[in-house]
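Visitor: Below is a structure I'd like to ask you about.
What follows draws every value from the coordinates through simple rules; no lab data is involved. Everything quoted here is computed from the prediction, not taken from an experiment. Glycine also receives a Cβ, built like all others from the backbone with ideal geometry; neighbour counts cover every protein chain displayed.
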Amino acid sequence: MATISLRKGNTRLPPEVNRVLYVRNLPFNITSEEMYDIFGKYGAIRQIRIGTNKDTRGTAFVVYEDIYDAKTAVDHLSGFNVANRYLIVLYYQQAKMSKKFDQKKKEEEITKLQEKYGVTAKDLK
């Protein structure tokens, strides 16, 4: 029991550390079972979501039960080779992801307006 209390005792984690990991550069044909085999070595997993559509293939979200297990997974699996692909394992950051989404949304709105008014990017230069 002493190791558990030492592990979690006064350990200060960086603010970006959380239980949800965002994984990129996965082989497109990876299965849930393979994901659980790879990530389950580092602790209990609550959920794994593998991207299936054109924009999200090769990515996944892995949610751990414990934040320390998530940190250990990031520390050990960043750069891990799976089917000749090196995994990129990051902490999920809601603010960054929603910024990307907002940017995409703005670009789509601009495209719609350009189509509506018959303006092209060349016309704007």
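Visitor: Going from the alpha-carbon gyration tensor of region 16-117, what semi-axes, largest first and in whole Å, does one get by taking the root of 5 times each eigenvalue?
Guide: Values: eigenvalues 182, 51, 23 Å².
So the three semi-axes of region 16-117 are 30, 16, 11 Å.
Visitor: Right, here's the next one. Along the charge dipole of region 16-117, Cβ charges K/R +1 and D/E -1, which of His76, Tyr42, Asn29 sits furthest on the positive end?
Guide: Of the listed residues, the answer is Asn29.
Visitor: Need one word for region 46-85: rounded, prolate or oblate. Basis is the Cα gyration tensor (sqrt eigenvalues a ≥ b ≥ c); a/c below 1.5 gives rounded, then a/b vs b/c decides. Could you put the intermediate results ahead of the total?
Guide: On the way: a/c = 3.28, a/b = 1.31, b/c = 2.50.
It is oblate, given that a/c is not under 1.5 and a/b is not larger than b/c.
Visitor: Modelled label-to-label distance, Thr56 and Asn18, 7 Å Cα→beta-carbon offset: nm?
Guide: With each label placed 7 Å out from Cα toward Cβ, I get 1.6 nm.
Visitor: Can you tell me the dipole magnitude for region 16-117 around its Cα centre, using point charges on the Cβ only (Lys, Arg +1; Asp, Glu -1), in Debye to the nearest 20?
Guide: Numbers: 17 positive and 14 negative charges, 83 e Å.
Here region 16-117 has a charge dipole of around 400 debye.
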